[in-house]
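One structure below.
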Amino acid sequence: AEVAKTLDNSVQRIAVLIRAADLLWSYQQKQARTTFTEAFDVATRHEKEKSDTAKRPLMLLMFVPDERYVVVRVVSKRDPVWARKLTQEILDQEKRWAEESLSRNWRDDVMIGQRLLDSGIKLLSTDVTQAQEIAAMSLRYPASSELTRFLYKLAEISQQAADQFYLTALATYHQKPMREFLYLQAYPFG
């Protein structure tokens with residue numbers, strides 16, 4: 001964790017910090033929490049700097065992870081309650097940044113929803129409940145192809161849970177524009 005402070009690249013620094021914190025968790029939980037917090041703070045600064053730069057194409061943004069979610073995914077394996085709080089903090093940050101920026105548009109909201117769903121997908125293998133809770137947060141944002149992907153991945157684990165999530169999404173998006181509602185048609189089971 002101390003060596004990470006010498007790294008100039010934020011992404012590398014975050015990776016080292018979360019690995020160190022994950023290893024420390026079993027032995028020194030207080031120090032691990034401090035290290036996770038530092039990783040989250042570095043990730044927040046990194047994302048703020050990225051958002052201040054010129055807007056990148058949406059396709060590029062889809063493949064570049066939001067480092068805050070990377071930290072949250074690791075934290076959720078150790079402390080799901082804290083991970084939910086960090087996720088809510090990310091959503092609050094996004095809202096504040098949107099208010100500060102006059103250039104905020106629909107694609108920013110799409111990216112938030114996609115990143116929440118991507119985190120949910122990556123958590124399915126370790127914590128289905130946490131994955132569903134994070135994915136449910138995405139329903140506040142415009143639907144995207146990640147919603148369909150999440151439904152299929154969840155169905156691999158529990159068809160019943162996927163069907164229930166589908167019904168929740170259907171109730172959420174039935175009054176939304178057709179471009180969002182149509183992402184649900186690709187899930188034939190619900």
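So the values come out like this:
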| quantity | calculated |
| --- | --- |
| Residue in region 163-183 that is more than 23 Å from residue 37 (Cα to Cα), hydroxyl-bearing (Ser, Thr, Tyr) and either under 13 Å from the mean Cα position of the chain (by Cα) or not in a helix (DSSP H, G or I) (or both) present | no |
| Search result, residues across region 109-122 that are open to solvent by less than 20 Å² (accessible area, probe 1.4 Å) and more than 10 Å from the chain's Cα centre (by Cα) | 110 |
| Matching residues, region 34-57, being at pLDDT below 80 and open to solvent by 40 Å² or more (accessible area, probe 1.4 Å) | 51, 52, 53, 54, 55, 56, 57 |
| The one condition in (1) open to solvent by 20 Å² or more (accessible area, probe 1.4 Å); (2) modelled with pLDDT under 90 that residue 130 fails to fulfil | (1) |
| Residue match in region 58-65 (condition: at pLDDT below 75 and outside any helix (DSSP H, G or I)) | yes |
| First in region 117-129 and free of Cβ contacts under 8 Å to residues at least 40 places away in the same chain, second anywhere and surrounded by fewer than 15 Cβ atoms within 10 Å (Cβ to Cβ), Cβ under 9 Å, 6 or more apart | 124/156; 124/157; 125/157; 128/157; 128/158 |
| Pair list, Cβ < 7 Å and 6+ apart or interchain, from region 156-179 residues that are closer than 25 Å to residue 126 by Cβ to residues that are open to solvent by 70 Å² or more (accessible area, probe 1.4 Å) and modelled with pLDDT under 95 | 159/189; 162/189; 163/189 |
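The values are calculated or read from the model by the stated rules, or taken from the named source; none is laboratory data. Everything quoted here is computed from the prediction, not taken from an experiment. No Cβ is skipped: glycine too gets one built from the backbone with ideal geometry, and neighbour counts run over all protein chains shown. These accessible areas exclude ligands, DNA and RNA; they are computed on the full protein's heavy atoms, side chains included. Shrake-Rupley method; radii C 1.70, N 1.55, O 1.52, S 1.80 Å.
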